[in-house]
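The values are calculated or read from the model by the stated rules, or taken from the named source; none is laboratory data. What you see is a predicted model; the values in this text were computed from it and never measured. Here Cβ is always computed from backbone atoms with ideal geometry, including for glycine, and neighbour counts include all displayed protein chains. For accessibility, only protein heavy atoms count, side chains too; no ligands or nucleic acids. Shrake-Rupley method; radii C 1.70, N 1.55, O 1.52, S 1.80 Å.
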Amino acid sequence: MTQQLISFKEAQNFLGFKSPASLREYIQQGLPVVTVGNSKRIDIDDLKKFIQDHKTVKEVN
């Protein structure tokens, strides 16, 4: 299994966030971060799992 590690900027773009603060909020809520040397990365599979685990469905009236 190959890990695909992406930068915070790439994760922010993947999620469609304009502000890095939104991504930081996900990290504070438990999105795992991988440290590679002096760089911090996010495993794309962890990001997709985090999204799936936090998905909510709103009922439309």
Could the peptides 33-42, 6-15 be put in order, highest first, of the mean number of other beta-carbon atoms found within 10 Å of their residues? 6-15, 33-42
The chain accessible area per residue, 1.4 Å probe, protein heavy atoms, integer Å², reads 81 Å²
Ser19 to Asn61: FRET efficiency via 1/(1 + (r/R0)^6), r the Cβ-Cβ distance, R0 30 Å, to the nearest 0.05? 0.50
Percentage of interatomic Cα-Cα distances in the stretch 1-58 larger than 17 Å: 35 percent
Report in % the part of the accessible area of the chain that belongs to carbon and sulfur, leaving out ligands and nucleic acids; probe 1.4 Å. 49 percent
Excluding residues fewer than 8 positions from Lys9 in its own chain, the lysines with Cα under 19 Å of it are Lys18, Lys40, Lys48, Lys49
Would you work out the relative contact order for the chain, in percent, from Cα pairs under 8 angstrom that are 6 or more residues apart? 37 percent
Positive-pole candidate from Ala21, Ile51, Gly37, dipole of the chain, charges at beta carbon: Ala21
